[in-house]
Amino acid sequence: MARGAAALLGLLVALAALLLAAPALPELTPPGRAALVAAVPPIVLLGALAWALGPLTRVPLALAALALAGALLTAAADAQGAHGAATLPEALLAIALGLLFARVFDLGAFVLALPLLVGAVDVATSIGASPAGWPRPLPGGELLTLELPLWGAEAAAGAIPMASVLFLGALQGYAERHHLRPAGTAAAMTAGLVGAYLLEWQTDHPMPQTAFVAAGFLFSASDVLPGWMRRGGLER
């Protein structure tokens, strides 16, 4: 089961409150600092949510139900052109699909190959991307983007590709199933996402967020992976 119903409920309530109440919260100045304040807490809660849901890799039916619920809520929110209101169901859908991926493709080779290959591809595809600073308006109904709404304004403080959250969920699933320090892995991958956002905020250039997640996973597990390989982890 998930890591404590009370903790999971608390994370969901906190994340929903930040996302849904953002338009009613006081507008901060200057805009750059306001974006920082509005974006970082939801990113941290997303990482904590992946950690809390991680043990569900042992209950695939629960993950499938969570993914279905997330998909239905996402479709409803996106059909209305929702902004921050769609972010929570999109996050639940992406994390559940990532954890399901780790359950279905529970291969030792994927534990190393996935972060290395996907991270490298993400870095390569981000080269030459157009400058884009925060905050800025985003169109509603963007199915593949998790919007982090700015407080008191019709703009986004940041955005995370849905693929990056799905990837985070998959690596969290591997950390759970292969006993690669799940809590530390979640913290390091979350730090990677925060770091990618901070660099975007500072430089006004898109960062390879998925690659930062992969780096966090590999960094956190770097001292336990050798022992895992000696125990035959790659042959699993």
Against the conditions (1) farther than 25 Å from Pro135 by Cβ; (2) without any contact (Cβ under 8 Å) to a residue 60 or more places away in the chain; (3) of a type in the set (Gly, Ala, Ser); (4) buried (at least 18 other Cβ atoms within 10 Å of the Cβ), where does Gly10 fall short? Just the number, please. (4)
Could you tell me whether segment 218-234 includes any residue that is within 19 Å of Ala157 (Cα to Cα), of a type in the set (D, E, K, R) and more than 14 Å from the chain's Cα centre (by Cα)? no
So the check is Cβ under 9 Å with 6+ separation or different chains; which pairs have a first residue in segment 120-145 that's closer than 23 Å to Ala35 by Cβ and of a type in the set (Lys, Arg) and a second one that's part of a strand (DSSP E or B) and modelled with pLDDT of 80 or more? Arg136/Ala156
When the residues of segment 117-162 are narrowed to those that are among the hydrophobic types (A, V, I, L, M, F, W, C) and part of a strand (DSSP E or B), which ends up surrounded by the fewest Cβ atoms within 10 Å (Cβ to Cβ)? Ala159
Before we move on, is Leu234 under 16 Å from Val44 (Cα atoms), part of a helix (DSSP H, G or I), touching a residue at least 40 places away in the same chain (Cβ under 8 Å) and of a type outside the set (Val, Ile, Thr)? no
Filter segment 44-96 down to the residues that are assigned to a helix (DSSP H, G or I) and among the β-branched types (Val, Ile, Thr), then identify the one that is nearest to Trp151 (Cα to Cα). Thr87
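Matching residues to (1) touching a residue at least 60 places away in the same chain (Cβ under 8 Å); (2) buried (at least 21 other Cβ atoms within 10 Å of the Cβ); (3) among the aliphatic types (A, V, I, L, M); (4) in contact with a strand residue (DSSP E or B) (Cβ under 6 Å, 6 or more places away or on another chain):
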| position | (1), (2), (3), (4) |
| --- | --- |
| Arg33 | no, no, no, no |
| Leu36 | yes, no, yes, no |
| Val44 | yes, no, yes, no |
| Trp51 | yes, yes, no, no |
| Ala71 | no, no, yes, no |
| Ala75 | no, no, yes, no |
Could you pull out the residue among Ala170, Ala175, Ala159, Ala183 that is touching a Ser or Thr at 6+ places or on another chain (Cβ under 7 Å) and either farther than 20 Å from Ala38 by Cβ or among the β-branched types (Val, Ile, Thr) (or both)? Ala175
Residues of segment 195-205 being surrounded by fewer than 20 Cβ atoms within 10 Å (Cβ to Cβ) and either within 21 Å of Pro41 (Cβ to Cβ) or under 15 Å from the mean Cα position of the chain (by Cα) (or both), which ones? Gly195, Leu198, Leu199, Gln202
Is it the case, given these coordinates, that Thr210 is buried (at least 20 other Cβ atoms within 10 Å of the Cβ), touching an Asp or Glu at 6+ places or on another chain (Cβ under 8 Å) and of a type outside the set (A, V, I, L, M)? yes
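Yes or no, residue by residue, for (1) without any contact (Cβ under 8 Å) to a residue 24 or more places away in the chain; (2) part of a helix (DSSP H, G or I):
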residue: Leu168; (1), (2): no, yes
residue: Thr185; (1), (2): no, yes
residue: Ala188; (1), (2): no, yes
residue: Trp201; (1), (2): no, yes
residue: Met207; (1), (2): no, no
residue: Ala215; (1), (2): no, yes
residue: Phe219; (1), (2): no, yes
residue: Gly227; (1), (2): yes, yes
Taking the residues in segment 90-130 that are under 17 Å from Gln209 (Cα atoms) and among the β-branched types (Val, Ile, Thr) as candidates, determine which candidate is nearest to the chain's Cα centre (by Cα). Ile95
Could you list, in sequence order, the residues of segment 170-183 that are in a helix (DSSP H, G or I) and under 15 Å from Phe219 (Cα atoms)? Leu171, Gln172, Tyr174, Ala175, Pro182, Ala183
Hey, Leu28 part of a loop (DSSP other than H, G, I, E, B) and either surrounded by 14 or more Cβ atoms within 10 Å (Cβ to Cβ) or modelled with pLDDT under 90 (or both) or not: yes
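The values are calculated or read from the model by the stated rules, or taken from the named source; none is laboratory data. If you're wondering where the values come from, they're calculated on a predicted model, not measured in any experiment. Quick reminder, even Gly has a Cβ in these numbers, built from the backbone with ideal geometry, and neighbours come from all protein chains shown.
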